[in-house]
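Below is one structure, written out as C-alpha cells; comments come after it.
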Amino acid sequence: MQYAIEAIDVKKSYGDFQAVKGVSFQIPVGTCFGILGPNGAGKTSLLGMMEGIHKISSGQIKILGLDVATELAKIQPLLGVQLQTNNYFQFLNVEQLLDFFQELRAASINNKYRDKKAIDAMLDKVSLLDKKKVKVEELSGGQKQRLSIAIAMLEDPKILFLDEPTSALDPQNRRYTWDFIEQIKQDKDKTILLTTHHMDEAERLCDELLIMDHGKIIQQGSPSELVRSLNRHQNIVVKYKNGQFDGEFVKHAAGVVDHKDHGDSIVVSTVKSLETIKSLFNHAEERQIEITEFDVQLPNLEDVFISNTGAALRDD
Ligand SMILES: Nc1ncnc2c1ncn2[C@@H]1O[C@H](COP(=O)(O)OP(=O)(O)OP(=O)(O)O)[C@@H](O)[C@H]1O
Ligand SMILES: [Mg+2]
C-alpha cells in the first residue's frame, strides 16, 4: 500500500536540543490525520520536515512514495501548506496576495499557466469573494485564517497541511472552518494533516490521531479507540431533593467504585453504569427521594491526554 505520508524514526534537532525524538507513523490516502499536543510538543517541527521547510535531522519521510530529502521538487507541487504563523504582505489586497502565491507556485514548477478563475472560485469557497480588494491587514483574525487556508488550497493539492487552523478563532468561525475542512474531506483523493490543541476539533475532524508531547508519540489511534483504551470509570451525576441516599447502600451498589454525596447531588463512579443507575433509581423510589436531574459523563479525549501525560493540554 502506498501511503500519503510515511515517517520512519524521524528526529529533529535544533543545535543540542532535540524537538522531535524518533517518530514513526503512516497516513493512508484520503484520511484526515491529526497531531495533538501541547505547546512545544514538536508538532510544527514535524510538519516543517514533511513540508520540506525544515531539514530532517535523521530518519526518513516519504510522501506518496517519494523521499522528501531527495525528491522534494517532485513533492512540492502536491502539497498545500498553511503555516501556523502567517505574516503575509499586509499591503497587498486579498486578490493580489493569492495572485502572488499562484505566480510563486507556477514559477516553482516551471509552469507559465495561471488560472485567474481559480482565485475567485477559492475566495468564494472560503466566503472572502467580497473581500477581494480589501488589504490583508484590514481582515479580521478569522478572515485571515480562512485566507491562509485558501492559499494552501489554491493549487488543488493532494496533501493539505493545516497547522492549528482554528487557533484564535471565535466559536462561530471555528465551526465555519470545520465545515470547510469537512467539505475538503469529501474528496477521497485528498489527505489532510492538521495539528490542534483542541480536543473537540480532533474528535470531530480526524479519522486518526497521534498524541505527542516532548517530541515523542504518546498514543495513536482513532478518537474512539483512544477513548476506549482509557477504560475509565463513568461518572453518574444525580441531582435530588427531599431525602437522602444511604451512603452504605450506594457504596455497595453494583459497579460502584467511588461516590460523593453533596447533599443535593450525588456523583457516583462506576464500571457498570446501567446496573448502578437501576440501583440508584430503585433506592430513590423506596426512600421517596425526588430525582430532578441525571447525567452520565463519558470519558473524552481530554481525559486520554491527561491520563497519558498527567497534564492538561496547554492552550495559547
Ligand atoms: N527554529 C528553532 N530553533 C530552536 N528551537 C526551536 C525552533 N523551532 C522550535 N524549537 C523548539 O522545539 C520545540 C518544539 O517546537 P514546535 O514549534 O515544533 O512545537 P509545537 O508543538 O508546534 O508547539 P505549539 O503548539 O506552541 O505550536 C520547542 O521547545 C521549541 O522551542
Ligand atoms: Mg506549532
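The values are calculated or read from the model by the stated rules, or taken from the named source; none is laboratory data. Quantities reported herein were computed from a predicted structural model and do not represent experimental measurements. Cβ placement follows ideal geometry from the backbone for every residue including glycine, while neighbour counts extend to all protein chains displayed. Calculation scope for accessible area: heavy atoms of the full protein, side chains included, ligands and nucleic acids excluded. Shrake-Rupley method; radii C 1.70, N 1.55, O 1.52, S 1.80 Å.
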Fill in the blank from the handout: The set of residues whose placed amide H lies less than 5 Å from the amide H of GLU71, leaving out same-chain residues fewer than 5 positions away, is none
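So, for the stretch 233-298, what is the accessible surface per residue at a probe of 1.4 Å, expressed in square angstrom?
On the way: 4150 Å² over 66 residues.
The answer is 63 Å² per residue.
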Exercise for the section: With a cut-off of at most 15 other beta carbons within 10 Å, and DSSP calling the residue loop, which trypsin sites (Lys or Arg not before Pro) in the stretch 4-64 qualify? Please list them. Expected result: LYS55
Problem - Estimated vicinal HN-Hα couplings, Hz - the stretch 177-194 in sequence order (Karplus 6.51, -1.76, 1.60; Gly, Pro = x) - result: 5, 4, 4, 5, 5, 5, 4, 4, 4, 4, 7, 6, 7, 9, 10, 10, 10, 10
Practice task
Using the charge dipole of the stretch 5-229 (Lys, Arg: +1 at Cβ; Asp, Glu: -1 at Cβ; taken about the Cα centre), state which of ASN93, VAL20, TYR176 has its Cα farthest towards the positive end.
Solution key: ASN93
Fill in the blank from the handout: Here the averaged projected area of the stretch 114-172, based on the convex hull of its alpha-carbon atoms and given in nm², is 4.6
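Out of every Cα pair in the stretch 146-203, what percent are spaced more than 16 Å from each other?
Result: 39 percent of Cα pairs exceed 16 Å.
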Practice task
Could you list which residues have their amide H under 5 Å from that of GLN219, counting only those 5 or more apart in sequence or on another chain, with H placed in the peptide plane?
Solution key: ILE211
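Where the accessible area of the stretch 1-127 is counted over protein heavy atoms with a 1.4 Å probe, how much of it, in %, is carbon and sulfur? Provide the component values of the computation, followed by the final result.
Working: 3350 of 6370 Å².
The nonpolar share, carbon plus sulfur, comes to 53 percent.
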Exercise for the section: List the pair-distance distribution P(r) of the stretch 227-270, using every Cα-Cα distance, as the percent of pairs falling in each 5 Å bin from 0 up to the bin containing the longest distance, rounded to whole percents. Expected result: 5, 22, 29, 22, 11, 6, 4, 1
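Need one number for the stretch 233-298: average projected area of the convex hull over its C-alpha atoms, nm². List each step's numbers first, then the result.
Values: hull surface 14.4 nm².
If you wrap the Cα atoms of the stretch 233-298 in a convex hull and average its projections, you get 3.6 nm².
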Handout entry: Over the stretch 5-229, volume per residue of the alpha carbon convex hull, in Å³
Key = 125
Exercise for the section: For the chain, calculate the relative contact order in percent as a whole number, restricting contacts to Cα pairs under 8 Å that are 6 or more residues apart. Expected result: 20
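Given +1 on the Cβ of Lys and Arg, -1 on the Cβ of Asp and Glu, and no further charges, what dipole in debye does the stretch 5-229 carry about its Cα centre, rounded to the nearest 20?
Charge dipole, the stretch 5-229, about its Cα centre: 320 debye, nearest 20.
Compute the Rg/Rh shape ratio of the stretch 22-71: radius of gyration over Kirkwood radius, all on alpha-carbon atoms.
Details: Rg = 11.3 Å, Rh = 12.0 Å.
Over the Cα atoms of the stretch 22-71, Rg/Rh equals 0.95.
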Problem - Derived scalar couplings ³J(HN,Hα) [the stretch 142-152; Karplus, 6.51 cos²θ - 1.76 cosθ + 1.60; whole Hz; x for Gly, Pro] - result: x, 5, 4, 5, 5, 4, 5, 5, 4, 4, 5
Exercise for the section: For the stretch 243-260, take each phi angle, set θ = phi - 60°, evaluate the Karplus expression 6.51 cos²θ - 1.76 cosθ + 1.60, and give the result in whole Hz per residue in order, putting x for glycine and proline. Expected result: x, 8, 6, 7, x, 5, 5, 4, 4, 9, 5, 3, x, 6, 10, 6, 7, 9
